[in-house]
């Protein structure tokens, strides 16, 4: 098994946290992982993307040139990355922030989830990234939900420990949205 993905959105949408969480969950399962972050000039509000590779075998390079999956949180990220997606790739898109007409010419598998909308309903717009992650994990179970929850407990400690529950709810909501 080898999964190459890119998570992309605006700075502040939790792109790096999503990639880190996924990488941490994969490591907990004993898989080989690379995580390669990239920030735009402005950081918060600018573009951000994280490349993650999860594999059962050693990984030679952290670069992802043709991802198996894209998790796209906004329109500029879709515009920038959709052409890189493998022909048989999977696109998970936050349909709250992506124009539907932008998806018409994309032939790969497209899973639209209103991640920002669902996050607002949960009471915290900042967990839209976790909603999208939950949808991704339903479509491509590269790691177990229990591993993701364990990784959340590892990454959200101290003052951030109180955020574990809302993140778990958001992942579950995204997972259940994709039936």
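The values are calculated or read from the model by the stated rules, or taken from the named source; none is laboratory data. From a predicted model like this one, the values you see are computed outputs, not experimental measurements. Glycine also receives a Cβ, built like all others from the backbone with ideal geometry; neighbour counts cover every protein chain displayed.
When we screen 101, 58 for residues that are at pLDDT 95 or above, farther than 26 Å from residue 170 by Cα and either under 13 Å from the mean Cα position of the chain (by Cα) or surrounded by fewer than 20 Cβ atoms within 10 Å (Cβ to Cβ) (or both), the only hit is 58.
Of 92, 131, all but one fail to be outside any helix (DSSP H, G or I), in contact with a strand residue (DSSP E or B) (Cβ under 9 Å, 6 or more places away or on another chain), closer than 21 Å to residue 54 by Cβ and modelled with pLDDT of 95 or more; the exception is 92.
Scanning the stretch 120-130 for residues that are in contact with a helix residue (DSSP H, G or I) (Cβ under 8 Å, 6 or more places away or on another chain) and closer than 20 Å to residue 3 by Cβ turns up at least one hit. Look at (1) in contact with a strand residue (DSSP E or B) (Cβ under 8 Å, 6 or more places away or on another chain); (2) surrounded by 15 or more Cβ atoms within 10 Å (Cβ to Cβ) and you find that residue 155 fails only one, number (1).
Condition first: modelled with pLDDT under 95 and within 13 Å of residue 109 (Cα to Cα). Now tell me which residues in the stretch 63-82 satisfy that. Within the stretch 63-82, just 82 meets the criteria. Looking only at residues in the stretch 11-23 that are touching a strand residue (DSSP E or B) at 6+ places or on another chain (Cβ under 8 Å) and modelled with pLDDT of 90 or more, the one that is nearest to residue 124 (Cα to Cα) is 13. On the stretch given as the stretch 83-94, residues that are touching a helix residue (DSSP H, G or I) at 6+ places or on another chain (Cβ under 8 Å) and more than 19 Å from residue 11 (Cβ to Cβ) total 3. Looking at residue 141, is it surrounded by fewer than 14 Cβ atoms within 10 Å (Cβ to Cβ) and within 29 Å of residue 63 (Cβ to Cβ)? The answer is yes for residue 141. Scoring residue 38 on the criteria (1) over 17 Å from residue 1 (Cβ atoms); (2) touching a strand residue (DSSP E or B) at 6+ places or on another chain (Cβ under 7 Å); (3) surrounded by 14 or more Cβ atoms within 10 Å (Cβ to Cβ) leaves a single failure, condition (3).
Scanning the stretch 136-168 for residues that are assigned to a loop (DSSP other than H, G, I, E, B) and over 14 Å from residue 19 (Cβ atoms) returns 140, 141, 144, 156, 157.
Residues in the stretch 104-128 that are part of a loop (DSSP other than H, G, I, E, B) and touching a strand residue (DSSP E or B) at 6+ places or on another chain (Cβ under 8 Å) were compared, and the one that is modelled with the highest pLDDT is 114.
Would a scan of the stretch 55-74 turn up a residue that is without any contact (Cβ under 8 Å) to a residue 40 or more places away in the chain and out of contact with any strand residue (DSSP E or B) (no Cβ under 9 Å at 6 or more places or on another chain)? Yes: the stretch 55-74 contains one or more residues that are without any contact (Cβ under 8 Å) to a residue 40 or more places away in the chain and out of contact with any strand residue (DSSP E or B) (no Cβ under 9 Å at 6 or more places or on another chain).
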